[in-house]
Amino acid sequence: MAVLFSIVPLLLIALAVYGAVVVLRRSRQVSRAWSSGITADARCIRSYTTTSRSGDSVRTTLHHVYEFATRDGRGIRFDETGGPSTRVEGDIVTVHYLPEHPERATAKVPAPGKLAASTGCALLFVTGFIAFAIFLIVVANSDSMH
């Protein structure tokens, strides 16, 4: 039984670390896109929502699909979550992108402070989650020693 209480928290830690890597990678991509200075006009070609259930709660996420042309004329289409709910199909927005990865563009208005704060909060949550999982491992192992 103690093995179960060690393995499950280790799996949760691995999942949390993966989540932290995803958050850090996207934060870095958005930050680099903002600082690249390369922008283009993009058209919002679709807006949709997805829902996910977790027990009794339901989470709805708003997505926007954008299309734009890079400076070298390539057509790029990308999907981004978290845009304003007032944005509708046909709206023209400014996107920021890196020339080597235009598919990772963002239509978010540059807000480095907001990005840093949201990334920091996500990492703080993950750190607390990992600390709790470590606590479970320690408690499970201390009970099995007696």
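Bear in mind these aren't lab numbers, they're just calculated from the coordinates by the rules spelled out. Bear in mind that the values here come from a model prediction, so they are computed numbers and not experimental data. Don't worry about glycine lacking a Cβ; one is built from the backbone with ideal geometry, like all the others, and counts go over all protein chains shown.
Between Ile38 and Cys121, what is the label-to-label distance in nm when each label sits 7 Å out along the Cα-to-Cβ direction?
Once both label points are built, they end up 3.2 nm from each other.
Want the number for Val21 to His101: 0.36 nm per residue separation, take away the alpha-carbon distance, what's left?
Length difference between fully extended and current span is 26.9 nm.
Report, to one decimal in Å, the Kirkwood hydrodynamic radius for region 2-144 based on all distinct Cα pairs.
Hydrodynamic radius (Kirkwood, Cα pairs) of region 2-144 is 17.7 Å.
Just to be sure I understand the model, the point goes 7 Å from the Cα along the line to the Cβ. What's the resulting Arg77 to Ile7 distance in nm?
About 4.4 nm separates the two model spin labels.
Per residue of region 31-38, what does 6.51 cos²θ - 1.76 cosθ + 1.60 with θ = phi - 60° give for ³J(HN,Hα)? Whole Hz please, x for Gly and Pro, Karplus curve as stated.
Karplus-based 3J(HN,Hα) across region 31-38 equals 4, 5, 5, 4, 7, 5, x, 8 Hz.
So what's the convex hull volume per residue for the Cα atoms of region 51-131, in Å³?
With only Cα atoms used, region 51-131 gives 141 Å³ per residue.
Ignoring the sites themselves, what is the longest stretch of the chain with no GluC sites (Glu not before Pro) in a DSSP loop and at most 13 other beta-carbon atoms within 10 Å?
Of all site-free stretches, the longest is 1-88.
What relative contact order, as a whole-number percentage, does region 2-144 give when Cα pairs under 8 Å and 6 or more residues apart are counted?
RCO, region 2-144: 32 percent.
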